[in-house]
Amino acid sequence: MVHEVAFLAISQAHQFLHWLPAALRLAGQPGVNVTVLVSSEAGQEFIRSYDPENRLHIKRLRAPSVRSHGLFTPPERVPVLLLNARSIARYPTIVTTETTSSLLRRIPGFASKLIHLKHGAGDRDGGYNAKHAGFDLTLVNGPKDKQRLIERGLGHDENIEVVGYGKFELIREPSGPLFANANPVALYNPHFDKKVGSWANHGNEIVKAMEAIPGWNFVVAPHVKTKTGRLIRSDAPNVLIDRGSTRSIDMTYTQAADLYIGDASSQVYEFIRTPRPCIFLNLDRIDWRSDPAYSHWQLGQVIDSLEELPGALVGAADLQPRFEQAQREMLARSIDHSKIPASHRQADVILEFARRAHAVQKRFHPLAWMGFHRRQRLA
């Protein structure tokens, strides 16, 4: 028996890094064929760069337009799903990191099992939407996500599995220093959601403030889905602005930085994999202590104005021991650690689920029922 498992690659490329380790692990298992259904040439090339041995079968999906699509500007998901629904439905088990594909459930005759592998480990409420309930199985990074999904009625104990954070297995050796000097590096990583992010309202003034701070280098890397502030530029030698490159998603910056500056991005949990100082920008002066979306603001200093930033940077190292235990505890709740690699845990759960689903389907297949009734008559 060969199990066919498909991974949907119809999102921006940052999500690919969350399912690639599991897909590559599954592709090395006997009796498993893994196909990646990708919606753009750029996405296909990116995926293949992590699979030099060609373990994954890659199939291009039809797109609603012929224009060129980049890693972070893929074709619109809904048209891609509708155009390719019949092809996608040929695979009995489908894994994805986005939730739009839950709409496949509404297409007549669609019977494939859908598995959602949740990407990111953040606290923002937007990470828990009604579409989560449309999946047969949800794989989460840590117990925090499992608890929150259950509390919101988006799953239950039996169909949510904690499997760890496979993306950590894709960390690559740095190609070289980010700046020409040895000054410490701060990563500013704002979220795209205007409701919780700092970039839309304050991006330009934040960059200007960083330019004026001596002794520090700053990487400014907004979430790749950020559409605002495209005209923000800097020629300062201590500021690097990255509006979307592979380095902004492959943990190059979270590995290289000495300090994290942010608002609501889940990348903070990738950063504190090694506990280090964090500063959170509360420039709109919200009541963050009562909002679970800002739980991670307990992991560092919270400043209400950019005038406080230079002093916060100076004092960050001395204050870090105050936050280190909280960082370790919240990381453990958000990203489950195990001696077993996350990719192995994810692959094992996916394969076991596919086997059980096949066994149930075989048991209740019409031909099986015909055989059952024939045996009953002969008895």
Q: For the chain, find the longest principal axis of its Cα atoms and tell me its angle to the long axis of helix 309-334, 0 to 90°, nearest 10.
A: 20 degrees
Q. Ignoring ligands, DNA and RNA, what percent of the accessible area of the chain is carbon or sulfur (1.4 Å)?
A. 51 percent
Q: Would you calculate the separation in nanometres between label points at Arg333 and Glu76, each defined as 7 Å from the Cα along the Cα-to-beta-carbon direction?
A: 3.9 nm
Q | By average C-beta atoms within 10 angstrom, highest first, the peptides 110-117, 343-350 | A | 343-350, 110-117
Q) the stretch 281-318 to the stretch 25-74: how many Å between their Cα centroids? A) 40 Å
Q. Expressed in nm to one decimal, what extension gain is obtained for the pair Lys195 and Lys225 from 0.36 nm per residue of sequence separation less their Cα-Cα distance?
A. 9.4 nm
**Q.** Mean accessible surface per residue for the stretch 112-212, computed with a 1.4 Å probe while every protein chain stays in place, in Å²
**A.** 43 Å²
Q. Extension gain Lys208-Arg152, at 0.36 nm per residue separation less the Cα-Cα distance, in nm?
A. 16.1 nm
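Tell me, in nm to one decimal, what length is gained between Arg48 and Glu173 on full extension, where the rule is 0.36 nm per residue of separation less the Cα-Cα distance?
In short, 43.1 nm is gained.
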Q. Among Lys118/Lys227; Lys59/Lys118; Lys118/Lys195; Lys194/Lys225, which pairs are too far apart, with a Cα-Cα distance over 20 Å?
A. Lys118/Lys227; Lys59/Lys118; Lys118/Lys195
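The values are calculated or read from the model by the stated rules, or taken from the named source; none is laboratory data. All of these numbers come straight from a predicted model, not from anything done at the bench. We place every Cβ from the backbone using ideal geometry, glycine too, and count neighbours over all the protein chains shown. Only protein heavy atoms, including side chains, enter the accessible area calculation; ligands, DNA and RNA are left aside. Shrake-Rupley method; radii C 1.70, N 1.55, O 1.52, S 1.80 Å.
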